[in-house]
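Since the structure comes first, as structure tokens, the remarks are kept for the end.
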Amino acid sequence: MTERIPFTRGSRDGPTFHSAIPRPRPSAENLLRIQRIRWNDDLLVVAAAGEIDLATAGRLEQALRGRLPAATVLDLSEVGFLGVAGLRVIESAAARARAERRTTGVVADARPVLRLLQLFGADTQIPVYRHLDHAILEVPNR
């Protein structure tokens with residue numbers, strides 16, 4: 001059996017074909033950018049931009065590993081999507097911080113990110129701020 005190739009009306013250069021071949025997914029580096037900013041001796045800001053999902057959560061986890069200062073602010077204000085895998089990384093980092101008697105805060109203002117934090121109750125365990133400047137002032141003093 002021969003498969004027919006779909007096409008639309010052609011131009012004078014010939015028919016226009018619509019490819020059904022999926023495009024490759026962008027790499028994790030292109031989907032999520034992470035920057036570690038040492039604000040001062042006691043405060044680290046980990047800023048993420050992009051999407052945090054199953055494909056990119058490992059990059060966030062790496063940024064939150066190792067020796068961390070007394071306070072860490074995770075800035076998600078440039079994150080448009082937060083999946084459950086990313087949420088688990090955030091919860092794990094916050095639990096580790098509590099066990100080590102450090103403080104953690106999250107900055108988020110995108111509805112999809114805030115909604116997931118609320119749905120799973122993470123916002124009751126981790127302080128969530130709408131603006132980075134508020135988090136920088138309050139997290140180290142908790």
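The values are calculated or read from the model by the stated rules, or taken from the named source; none is laboratory data. What you are looking at is a predicted structure, and each value in this text was computed from that prediction instead of being measured. With ideal geometry, Cβ positions are generated from the backbone for all residues, glycine too; neighbour counts draw on all protein chains shown.
Here ALA85 fits the description: of a type outside the set (Phe, Trp, Tyr) and either touching a Cys at 6+ places or on another chain (Cβ under 6 Å) or closer than 18 Å to LEU60 by Cβ (or both). For region 33-46, the criterion of a residue being crowded, with 16+ Cβ neighbours inside 10 Å, farther than 15 Å from ALA93 by Cα, of a type in the set (A, V, I, L, M) and modelled with pLDDT under 95 is satisfied by no position. When region 116-129 is filtered for residues that are of a type outside the set (Ser, Thr, Tyr), surrounded by 12 or more Cβ atoms within 10 Å (Cβ to Cβ) and farther than 17 Å from ASP42 by Cβ, the ones remaining, listed by number, are LEU116, LEU117, GLN118, PHE120, ALA122, ASP123, GLN125, ILE126, VAL128. Only a single item in (1) among the acidic types (Asp, Glu); (2) more than 19 Å from LEU43 (Cα to Cα); (3) in contact with a helix residue (DSSP H, G or I) (Cβ under 8 Å, 6 or more places away or on another chain) is not met by GLU91, and it is number (2). Exactly one residue out of ALA99, ALA108, ALA48 is farther than 21 Å from ARG142 by Cβ and hydrophobic (A, V, I, L, M, F, W, C): that is ALA48. Only a single item in (1) part of a strand (DSSP E or B); (2) modelled with pLDDT of 70 or more; (3) basic (Lys, Arg) is not met by ARG9, and it is number (2).
On the stretch given as region 92-115, residues that are surrounded by 18 or more Cβ atoms within 10 Å (Cβ to Cβ) and within 18 Å of ILE52 (Cα to Cα) total 7.
So that you can scan it fast, the table gives a plain yes or no per residue for (1) at positive phi; (2) part of a strand (DSSP E or B); (3) under 15 Å from the mean Cα position of the chain (by Cα); (4) modelled with pLDDT under 95:
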{"site": "PRO69", "(1), (2), (3), (4)": "no, no, no, no"}
{"site": "VAL73", "(1), (2), (3), (4)": "no, yes, yes, no"}
{"site": "SER77", "(1), (2), (3), (4)": "no, yes, yes, no"}
{"site": "ALA93", "(1), (2), (3), (4)": "no, no, yes, no"}
{"site": "ALA97", "(1), (2), (3), (4)": "no, no, no, no"}
{"site": "ARG101", "(1), (2), (3), (4)": "yes, no, no, no"}
{"site": "THR104", "(1), (2), (3), (4)": "no, yes, no, no"}
{"site": "LEU114", "(1), (2), (3), (4)": "no, no, yes, no"}
